[in-house]
Amino acid sequence: MSTATPRLVESATPLDVLLVDAALGPLQRFLPDASTAKWALSLAGKPDITAQRLGELGAEAGRILTGTSTVTPHRGDRRFTDVAWTESPLLKRLVQLYLAGRHTAEQLVTDADLDPRDRTRVRFFLENVAEMLSPSNVPMVNPASAKAVIDTAGLSLVRGGKQLVKDMASAPRVPEMVDGSGFVLGDNIAATPGGVVFRTEVLELIQYSPQTDEVYEVPALVIPPTINKFYAIDLAPQRSLVEFGVRQGRQMFVISWRNPDSRHATWDLDTYVHAVLEALEAVEEITGSEQTVLGGVCAGGILASMTAAYLAGIGQQDRLAALCLAVTVIDNQDAGTAAALGDERMAAVAKATSARKGYLDGRTLAEVFAWLRPGDLVWNYWVNNYLLGKRPPAFDILFWNSDTTRMTAALHADFVDLAMENSLTKPAALTVLGVPIDLAKITVDSYVVAGIADHITPWENCYRSAQLFGGTTRFVLSTGGHIAALVNPPGNPKASFHTNADLTADAKVWLKDADVHEGTWWTDLGPWLDERSGAPRPAPRTLGSPRLTVLADAPGTYVYDK
């Protein structure tokens, strides 16, 4: 049994807000706005409480200056682990003043009379300001920076300055997070053997080579998000969900989306669902199976759900054996939709901005993602890259994260509207290819997995999304964030997941009553799929079919589009 961490949900940011910010630029969220003004007015109306907090800060500052303060960084704060932060009287006092000031600011947000939307925005604003003002970000004040300057005769700052100029010259204007020089697509990342067996203007369909003598009769087709490249599910060997599935005898097919440009501005949800249906027909032709397990990741899960509902609407749901969704939010109700509805003007401007370009630039979206966790994804690399003059680490997830794609203007507008209006939670509130969409008509079994620390697709919203389907749904809550929950191979001693067959309660009650299992959810998904994948049969000797022959080796050609 366990309980959720409220701050994780509170700090998450929904799809509509992300897509609006990406179009308008994330910096607009760092400027004081109406929510900040409401905060100031609320505090002005409570002069006694405000004076009390400032008085407490003044008293603490006095104790800091006299050396009697007990303020210390919390245990997990990696910024101040260097012994000089505690052994140097000056640096120790500097850190204590910084922490005391930040604590007072947080108290003043709690004291103010704000609705949840305004409180979250003010906290986001203050968190970014506080992270920026950390003494650890200042050259020569940071003891590691000072030591590096001495050891390198100043070359560390020279290297850091050059890298800073390079990073700020073009989007995403954040410190480089990964040394990608050692990654080669098809070699040590996105390296599971296979071939492209179907290609359209919109996608490539990759069939992976069997690695067992027998395979299950029912294939699996996975739809990746349209925001990034597909290989989040095929990272380094031994860390690839695709490889894991193939080695379990699954016939694995994965879509690789084309990286669109201004020529493809009108590609919308209808375009992408139609492309998925074409890929499904190709899978059926190649395998000869009448059913397929349809899977989707993040925004790809939205497309998978809409495709399943479309098939249900035209009486062809029997083409699906099951539906699997990973880190996918369909119900946006408490993931920030109220905030977005308060910013319809900004949403309209955002859609108009991407319409003028013909697309939403993925590099800008990457910048937005980084500023959601400024301590980990911005200032950590600021210190490493600029103050210490070092190269960032080589990490497969961050390499994938930096390999951005664009989103067509029409799809961007559709996703913003979909999230703001929460359309998929309302039967027949929208149509796809002329068919009203009702998720309750999806009666095949579903497997839905979420990450408890996910700051992009909050697990509580993933849980409520799982309640929308009409069939039997297994909801699994994994450790990890948005990608760490997904890339969760066996062997991680810290991995665990929660299960609870009762999906009638709200999310917090579900989690309180859930069973905890050690290990990865990958090993839970395997037996679940076994029961829905038909009988074993001899593995095919070649990829494709007589008509659909191999066009290129995996990972294909679209994955290289820039």
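Looking across segment 369-385 at every residue that is over 22 Å from the mean Cα position of the chain (by Cα) and open to solvent by less than 30 Å² (accessible area, probe 1.4 Å), the one that is farthest from THR226 (Cα to Cα) is identified as VAL383.
For segment 509-528, filtered to residues that are open to solvent by 20 Å² or more (accessible area, probe 1.4 Å) and assigned to a helix (DSSP H, G or I), the residue that is farthest from VAL487 (Cα to Cα) is VAL509.
On inspection, ARG537 does not qualify as among the basic types (Lys, Arg), in a loop (DSSP other than H, G, I, E, B), touching a residue at least 40 places away in the same chain (Cβ under 8 Å) and touching a strand residue (DSSP E or B) at 6+ places or on another chain (Cβ under 8 Å). Taking helices (runs of 4 or more DSSP H) as the structural unit, those lying wholly within segment 246-361 and holding at least 2 residues that are at pLDDT 95 or above correspond to 269-287, 299-313. May I ask you to list the residues in segment 456-470 that are modelled with pLDDT under 95 and over 17 Å from LYS508 (Cα atoms)? Of everything in segment 456-470, just one residue is modelled with pLDDT under 95 and over 17 Å from LYS508 (Cα atoms), namely ILE456.
Which of the residues belonging to segment 433-450 are surrounded by fewer than 19 Cβ atoms within 10 Å (Cβ to Cβ), in contact (Cβ under 8 Å) with a residue 24 or more places away in the chain and not in a helix (DSSP H, G or I)? Within segment 433-450, LEU433, VAL435, PRO436, ASP438, THR443 qualify.
For segment 196-229, filtering for residues that are open to solvent by less than 20 Å² (accessible area, probe 1.4 Å) and of a type in the set (Asp, Glu) leaves 1.
The condition (being open to solvent by 20 Å² or more (accessible area, probe 1.4 Å) and more than 29 Å from THR557 (Cβ to Cβ)) is satisfied by just one residue among PRO175, PRO193, PRO139: PRO139. Each residue in segment 278-290 was checked for being within 25 Å of LEU486 (Cα to Cα) and in contact (Cβ under 8 Å) with a residue 60 or more places away in the chain, and 2 pass. The set of residues in segment 80-102 that are open to solvent by less than 70 Å² (accessible area, probe 1.4 Å), over 16 Å from GLU60 (Cα atoms) and in a helix (DSSP H, G or I) comprises PHE80, ALA84, TRP85, LEU91.
Taking the options ALA366, ALA428, ALA409, ALA394, name whichever one is surrounded by fewer than 19 Cβ atoms within 10 Å (Cβ to Cβ) and touching a strand residue (DSSP E or B) at 6+ places or on another chain (Cβ under 9 Å).
Just a single option satisfies the conditions, and that option is ALA428.
Go through the residues of segment 405-424 one by one and say whether even a single one is within 22 Å of LYS166 (Cα to Cα) and in a loop (DSSP other than H, G, I, E, B). Yes: segment 405-424 contains one or more residues that are within 22 Å of LYS166 (Cα to Cα) and in a loop (DSSP other than H, G, I, E, B).
The values are calculated or read from the model by the stated rules, or taken from the named source; none is laboratory data. Predicted model only: the values in this text are computed from it and were never measured. Cβ atoms come from the backbone with ideal geometry, glycine included; neighbour counts cover every protein chain shown. Remember, those area values only see protein heavy atoms, side chains included, never the ligands or the DNA or RNA. Shrake-Rupley method; radii C 1.70, N 1.55, O 1.52, S 1.80 Å.
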